[in-house]
Amino acid sequence: MKVKRSTSHDLLPNSAIAELLALAAETAKMPLQKALRRASRKAFLWLEEAALILQEGRSLTELPAVGPTLTRIIHNWMADPPSVPTPPEIRRGFLTLPEARARLTKNSAWSAGLKGDLQMHTRWSDGSGTIEEMARSASDRGYEFIAITDHSKGLKSAGGINEEQLQKQAEEIQAVNATLRAERVRVLVLRSIELNLNPSGNGDMDQRSLERLDLVLGCFHSALRKKEDQTERYIAALRNSDIQILGHPRGRVYNYRLGLSADWERVFGVAAELDKAVEIDGYPDRQDLSLDLVRIAKKAGCRISLGTDAHDPSQLRFMDFAMASALQAEIHRDRILNFMSADELQNWVATVRHLHDSQSSQHSHG
């Protein structure tokens, strides 16, 4: 295992502190163990580098999840920096917010044209914001559109909605869009859903209700700890005519779940062949696709979708993680759905649906 040795001149970045907190949690007793694990996760969202806060003579208790006990522990690490091992795979390849923002600042022209966010949740499922609150927050960010992707009915634990609720939500979206138009607010709210896929790649909603949506994101939420190759599961999902975007594909969660494995070149090759998109989920705990997979997706030539997976309006800021990953992988903006206009996005969805219908027709006559 590679070991990075810190010196007194080499201040520990938040990513190193996150790893040290996670390591300390492995041998700590409760309740300290819980506090260490929580702070390890939250470290990716700290707005500033902890080292800079200390340099300015401020208290580390300004940071989320850091109280007096953790302040003392981190202080000791800063005073005498320990060796920081390369994180295990379950904690590897996650950006901190300062890292993500530094990358975006270096190429501000690239991110200036972002027009929307294609994954978020509201009170209709497991979010805490209303559709209108999410839309107004998106307007504050200068967006032209957002997709409301509440969970579908099979995911009961996340308050998944059924076909009847989806139709009622459509009426609310229509009313919100009318209100925004009347106020000359530019954001268009798109009807979407996070379709729960079973391990065979099939969804849990009536196809007719999905056809009425502007966009469908498909995601796996079960059997996410399997060790064997899952390539066929992904290919089956991509060939599902109901979805246009494969969301948080690997299913990884920081320090909790490693996620699935597959022949990613083949998976992304099928996505490119069908002109479907794979998502970079910007939720800090997920950051999925991870950077290594984003690079494989780029090489395969498939489209990329960026979504925050926001569950309240303040979480729309998670877009920085998804954008930084796409930028670092040098994804061209014309391959990212979020740089399309709302009209271009809807035309792409129509084309993908038509492509699938054409292929189905050819197979049935073959």
Within the stretch 189-208, is there a residue that is in a loop (DSSP other than H, G, I, E, B), at pLDDT below 95 and either within 19 Å of the chain's Cα centre (by Cα) or of a type in the set (Lys, Arg) (or both)? no
Within the stretch 243-336, which helices (runs of 4 or more DSSP H) (wholly inside it) include 1 or more residues that are touching a residue at least 60 places away in the same chain (Cβ under 8 Å), farther than 20 Å from His151 by Cβ and within 16 Å of the chain's Cα centre (by Cα)? 291-300, 319-328
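Being small (Gly, Ala, Ser) and at pLDDT below 95 is the filter here, so list the residues in the stretch 210-240 that pass it. Give the steps one after another, and end with the answer.
Step one: filter the stretch 210-240 for residues small (Gly, Ala, Ser), giving 218, 222-223, 236-237.
Ser222, Ala223 - these are the residues of the stretch 210-240 that are small (Gly, Ala, Ser) and at pLDDT below 95.
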Kindly establish whether Gly154 is crowded, with 21+ Cβ neighbours inside 10 Å, at pLDDT below 95 and assigned to a loop (DSSP other than H, G, I, E, B). no
Residue identified as open to solvent by less than 50 Å² (accessible area, probe 1.4 Å), within 30 Å of Leu258 (Cβ to Cβ) and either under 31 Å from the mean Cα position of the chain (by Cα) or not acidic (Asp, Glu) (or both) among Ile53, Ile74: Ile74
If you scan the stretch 209-242, which residues turn out to be in a helix (DSSP H, G or I) and either in contact (Cβ under 8 Å) with a residue 60 or more places away in the chain or not β-branched (Val, Ile, Thr) (or both)? Ser209, Leu210, Glu211, Glu232, Arg233, Tyr234, Ala236, Ala237, Leu238
Residue among Ala300, Ala277, Ala272 that alone is in contact with a helix residue (DSSP H, G or I) (Cβ under 9 Å, 6 or more places away or on another chain), open to solvent by less than 10 Å² (accessible area, probe 1.4 Å), closer than 26 Å to Pro199 by Cβ and small (Gly, Ala, Ser): Ala277
Among the residues of the stretch 132-141, which ones are surrounded by fewer than 22 Cβ atoms within 10 Å (Cβ to Cβ) and under 18 Å from the mean Cα position of the chain (by Cα)? Arg141
Picked from the stretch 62-71 (must be open to solvent by 40 Å² or more (accessible area, probe 1.4 Å) and assigned to a helix (DSSP H, G or I)), the residue nearest to Gln33 (Cα to Cα) is Thr69
Residue ID - farthest from Ala102 (Cα to Cα), chosen from residues in the stretch 13-50 that are open to solvent by less than 30 Å² (accessible area, probe 1.4 Å) and assigned to a loop (DSSP other than H, G, I, E, B): Ala28
Complete set of residues in the stretch 99-131 that are β-branched (Val, Ile, Thr) and out of contact with any Gly (no Cβ under 7 Å at 6 or more places or on another chain): Thr105, Thr130, Ile131
Would you call Arg208 farther than 23 Å from Asp117 by Cβ and either polar (S, T, N, Q) or surrounded by 15 or more Cβ atoms within 10 Å (Cβ to Cβ) (or both)? no
For Gly159, indicate whether it is surrounded by 15 or more Cβ atoms within 10 Å (Cβ to Cβ) and on the phi > 0 side of the Ramachandran plot. yes
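Output the number of residues of the stretch 105-131 satisfying the condition of being in a helix (DSSP H, G or I) and surrounded by fewer than 20 Cβ atoms within 10 Å (Cβ to Cβ).
Matching residues across the stretch 105-131 total 6.
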Does the stretch 225-236 include one or more residues that are under 30 Å from Arg141 (Cβ atoms), touching a strand residue (DSSP E or B) at 6+ places or on another chain (Cβ under 8 Å) and surrounded by fewer than 23 Cβ atoms within 10 Å (Cβ to Cβ)? no
For residues that are assigned to a loop (DSSP other than H, G, I, E, B) and not hydroxyl-bearing (Ser, Thr, Tyr), tally how many sit in the stretch 133-151. 4
Condition check: of a type outside the set (A, V, I, L, M, F, W, C), under 20 Å from the mean Cα position of the chain (by Cα) and open to solvent by 10 Å² or more (accessible area, probe 1.4 Å). Does Glu144 satisfy that? yes
Within the group Leu345, Leu355, which residue is at pLDDT below 95 and either hydrophobic (A, V, I, L, M, F, W, C) or within 11 Å of the chain's Cα centre (by Cα) (or both)? Leu355
Can you tell me how many residues within the stretch 280-297 are surrounded by 23 or more Cβ atoms within 10 Å (Cβ to Cβ) and acidic (Asp, Glu)? 2
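The values are calculated or read from the model by the stated rules, or taken from the named source; none is laboratory data. Just so it is clear, the structure is predicted and the values come from calculations on it, not from any experiment. So basically every Cβ, Gly included, is an ideal-geometry build from the backbone, and we count neighbours across all protein chains shown. What goes into the accessible areas is simple: the full protein's heavy atoms, side chains included, and nothing from ligands, DNA or RNA. Shrake-Rupley method; radii C 1.70, N 1.55, O 1.52, S 1.80 Å.
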